[in-house]
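Bear in mind these aren't lab numbers, they're just calculated from the coordinates by the rules spelled out. Just so it is clear, the structure is predicted and the values come from calculations on it, not from any experiment. Counting neighbours? That spans all protein chains shown, and the Cβs are built from the backbone with ideal geometry, glycine included.
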Amino acid sequence: MPRRYRPLPIPGSEITSENAYFKRRDLLRLTAAGGVTLAATSIAMAAQDLAALAAKPGGFDPGEELTPELDVTSYNNFYEFGTGKADPAAKAGDFKPRPWSVMIDGLVNKPGEVDLEDMLALELEERIYRMRCVEAWSMVIPWIGFPLSALIAKAEPLGSAKYVAFETVVRPEEMPGQRGAFQPLPWPYVEGLRLDEALHPLTILSVGLYGKVLPNQNGAPVRLVVPWKYGFKGIKSIVRITLTEEQPISTWNKLAPNEYGFYANVNPEVDHPRWSQANENRIGGGGFFGSNKRPTLPFNGYGEEVAALYDGMDLRTNF
Ligand SMILES: Nc1nc2c(c(=O)[nH]1)N[C@H]1C(S)=C(S)[C@@H](COP(=O)(O)O)O[C@H]1N2
Ligand SMILES: [Mo]
């Protein structure tokens, strides 16, 4: 039996800390309409938002032991906050993921800004997914999110749209990795998917994990999760989604095209030039790092669902 968790009832402290933004925003909006009663309403709304994150089960559970929440939220890659695995959890405290909106533009009938609140109002599901980093470690994470297709559909893609480009926020004042002498990456962090990959039911935008609002270090308030691809495709803190005709640039592919492909489908048979991709270390649970080694599965175990997307393609050249 995989170890499961039960979403906890919402403690009061979380309503005030994690959702202070809702209160503040609603207070601003509502104070004009007149006062104190409405402040109470906004607290109820905040509670509702968190409760919504205890979403309905969404299928695709690989039935493996979940990676402990502490590992999921303290062993991260998020270079905007530093290149060390512990940096994001230690240095993302000043980041303000609320209020937030995402611009959807490019080859769509209805370009525009979508407020986070409107995304949270979409039907949220819990999806337990394997995540496989290109660095050969992996986790199993209970994400909360909604299919990316639900958002794209609202914008009404044109027939000419073939790809989807994503962009992370740039905020040096809140993101220490974006200021100072050493800048590990060109900003903004950008990623892309083919439109059919973006519309695949496995592809989600996540707004939470372990029954809670997404922590800053995991890409608050909204990040991409594409479970059959290497982790770097899962772009965090998204501010813009653009439908394009040409294949978009992606940060790691541009930086080192021989090491990181655009497709980045998990493939145990195509090694990274500097290390093998045949196996992976499952983080947490099994003692010290390295003691929990297992073979990596093609498409990270999601081949039945997604292999057909790549029929006729040479996955060695299109890595
Ligand atoms: N904006 C942005 N998104 C990012 C990254 C990053 O540095 N910046 N790192 C990527 C990499 S390499 C991985 S493995 C995953 C890690 O997600 P996690 O920290 O939630 O496990 O985020 C991806 N998304
Ligand atoms: Mo990664």
- Query: When both residues are 6+ apart or on different chains and their Cβ atoms are under 6 Å apart, which pairs have a first residue that lies in segment 159-170 and is farther than 13 Å from Glu191 by Cβ, and a second that is buried (at least 22 other Cβ atoms within 10 Å of the Cβ)?
  - Reply: Ala161/Leu243; Val169/Ser237
- Query: Before we move on, is Leu193 touching a residue at least 40 places away in the same chain (Cβ under 8 Å), over 16 Å from Gly145 (Cα atoms), assigned to a strand (DSSP E or B) and not acidic (Asp, Glu)?
  - Reply: yes
- Query: Restricting attention to segment 82-114, which residues are under 16 Å from the mean Cα position of the chain (by Cα), within 16 Å of ligand 1 (Cβ to nearest atom) and not in a loop (DSSP other than H, G, I, E, B)?
  - Reply: Pro88, Ala89, Val102
- Message: Quick check on segment 115-134: of everything there that is part of a loop (DSSP other than H, G, I, E, B) and within 14 Å of ligand 1 (Cβ to nearest atom), which residue is surrounded by the fewest Cβ atoms within 10 Å (Cβ to Cβ)?
- Response: Cys133
- Counted residues in segment 199-226 being touching a Ser or Thr at 6+ places or on another chain (Cβ under 7 Å) and not in a loop (DSSP other than H, G, I, E, B) come to 4
- Are any of the residues in segment 101-111 surrounded by 21 or more Cβ atoms within 10 Å (Cβ to Cβ) and touching a helix residue (DSSP H, G or I) at 6+ places or on another chain (Cβ under 8 Å)? yes
- Collect the residues in segment 249-262 that are surrounded by fewer than 20 Cβ atoms within 10 Å (Cβ to Cβ) and either more than 23 Å from the chain's Cα centre (by Cα) or under 18 Å from Thr203 (Cα atoms) (or both), keeping them in residue-number order. Asn258
